[in-house]
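Have a look at the structure below before the remarks.
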Amino acid sequence: MKRMMKKAVLCIILALSSMGIGKAQWVVSDPTNFWGNLVNTGTEIQQALKEFGVSTKQFEFLQKTYEKVSPYVKTYYQLENAYRMVLDLKDYSVNSVNKLARDPYLRPDEVVRIVRLNTMYVKYATRELKELAASVKDLGGTEHERVERIDRKTEIMEDIRAQLDEEMRRVAMISYERRQKEATNEYMKMTCGY
């Protein structure tokens, strides 16, 4: 019995001696820095939304111009399809910003990223629309070459839309997970009193 007790004490002493030393640190908080960062984040969100609005207006102006020039569009199914995909990309970006920019479960830096990402896609759609308008005006080349150019644009727009869709799905999933976590926390507070 004594021997087992010595082994137990020896094991405890050995375990305690092998543990590292813990040190506590003070939490430093700077309220002026916190409020300054908050104001900067708000300004950054406003600036990103303003850039997005400008890009959307540029796209809509170009869209009106394109629709005036494009009675030719109706004769080419591929060109009409590419045009609809460009419009779809712009509409999807606008809807994403309107929906996710006001999501309370996303951090401000994530909102800024979403708005800037969608601004980039609207600018890309604007560039693609300009190129489609140029392809309507420039009827040079053979019929086969024109159709190939339009098909390439359609494929590019499909890829871009898939990338944007994946990114927005990922952001929505982050928001959903946070929403679920908050709901679980609320449930635990109600049921267990935590």
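The values are calculated or read from the model by the stated rules, or taken from the named source; none is laboratory data. What you are looking at is a predicted structure, and each value in this text was computed from that prediction instead of being measured. Methodologically, a virtual Cβ is constructed for each residue, glycine included, from the backbone with ideal geometry; neighbour enumeration extends over all protein chains shown. Each accessible area value is taken on the protein alone, full model and side chains, heavy atoms only, with ligands, DNA and RNA left out. Shrake-Rupley method; radii C 1.70, N 1.55, O 1.52, S 1.80 Å.
The lone criterion from (1) modelled with pLDDT under 80; (2) basic (K, R); (3) over 30 Å from R146 (Cβ atoms) left unmet by K50 is number (1). Residue-level check: of (1) open to solvent by 40 Å² or more (accessible area, probe 1.4 Å); (2) under 30 Å from E148 (Cβ atoms); (3) modelled with pLDDT under 65, K23 misses just (2).
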